[in-house]
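The values are calculated or read from the model by the stated rules, or taken from the named source; none is laboratory data. As the structure is a prediction and not an experimental result, all values here were calculated from the model. When we count neighbours, we look across all protein chains shown, and the Cβ atoms used for this are built from the backbone with ideal geometry, even at glycine. Side chains included, ligands, DNA and RNA excluded: accessible areas come from the protein's heavy atoms. Shrake-Rupley method; radii C 1.70, N 1.55, O 1.52, S 1.80 Å.
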Amino acid sequence: MQPQIIELDGPALEQRLAALARILADSVALGAAIGFMDTLTRDDAAHFWRDSVQPEVIAGRRILFVAQRDEEVLDTVQLITGMPLNQPHRCEIAKMIVHPRVRRLGIGKALMNRAIDRARELGKTLITLDTRTGDVAEPLYASVGFEAAGVIPDYAWDPDGKARHATTYMYRRL
């Protein structure tokens, strides 16, 4: 059975809070460079979803998508739509998290395509994102039409805190 891609509102996020926290904490523990260190606990991850993401979803400045199969949340991605006043045509992809046990099954691509379609529905003409240079996600983004705009060296620490990595900024015109 193919996963279903759904958009979560504030209450739906709350209902799936434990699953979202698990996906985030597990992914960071396995090296995902998505803004957290590998000391992230599931409680810390739950606070991130509740305190940082949920208010933005409720305010309409962020759209949260999940892929789920049989009510199990597998993956997630966010579309940030609350942009500065001089950038109403643009949005950003953030926190693309594919749980390691379901990678390379096409679910991440389906999530990205749904986010791109939603951006189009909102009248956006440009989507941007950044990703760790050389990360497994980079080819995924390219496969759905994103192009590299440039690389910034030493952008962030790896989750284990041992080295810094570069980030690649990417964009896609709609």
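Computed values, structure above
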{"item": "Carbon and sulfur %, accessible surface of segment 64-157 computed with the full protein complex present, 1.4 Å", "result": "51"}
{"item": "Accessible area per residue, Å², segment 88-155 with all protein chains present, probe 1.4 Å", "result": "51"}
{"item": "Estimated vicinal HN-Hα couplings, Hz - segment 71-81 in sequence order (Karplus 6.51, -1.76, 1.60; Gly, Pro = x)", "result": "6, 8, 6, 9, 8, 8, 8, 10, 10, 8, 10"}
{"item": "GNM result for the chain, Cα springs below 10 Å: residue of ARG104, ARG42, ARG90 fluctuating most strongly", "result": "ARG104"}
{"item": "Sequence of THR39, THR167 from largest to smallest accessible area, 1.4 Å probe", "result": "THR39, THR167"}
{"item": "Derived scalar couplings ³J(HN,Hα) [segment 111-120; Karplus, 6.51 cos²θ - 1.76 cosθ + 1.60; whole Hz; x for Gly, Pro]", "result": "4, 4, 4, 5, 5, 5, 4, 5, 4, 4"}
{"item": "Long-range amide H partners of PHE146 with built H, under 5 Å", "result": "none"}
{"item": "Residue-averaged 222 nm ellipticity for the chain, from DSSP H runs of 4+ at -39500 (n - 2.57), nearest 500", "result": "-8500 deg cm²/dmol"}
{"item": "Mean separation of Cα contacts under 8 Å (6+ apart) over length of the chain, as relative contact order %", "result": "21"}
{"item": "Check: segment 85-166 dipole with +1 on Lys, Arg Cβ and -1 on Asp, Glu Cβ, in debye", "result": "340"}
{"item": "Alpha-carbon Rg/Rh ratio, for the chain, with Rh computed the Kirkwood way", "result": "0.94"}
{"item": "Per-residue HN-Hα couplings for segment 155-166 [Karplus 6.51, -1.76, 1.60; θ = phi - 60°; Hz; x = Gly/Pro]", "result": "5, 8, 6, 5, x, 7, x, 8, 8, 9, 10, 7"}
{"item": "Segment 105-172, relative contact order in percent, only Cα pairs under 8 angstrom and at least six apart counted", "result": "34"}
{"item": "Bridge type composition, segment 56-174 - antiparallel percent by DSSP, nearest 5", "result": "90"}
{"item": "Size of electric dipole in the chain: Cβ of Lys, Arg +1 and of Asp, Glu -1, about Cα centre, debye, nearest 20", "result": "460"}
{"item": "Long-range HN-HN contacts of THR133 with modeled amide H, under 5 Å", "result": "ALA166, THR167, THR168"}
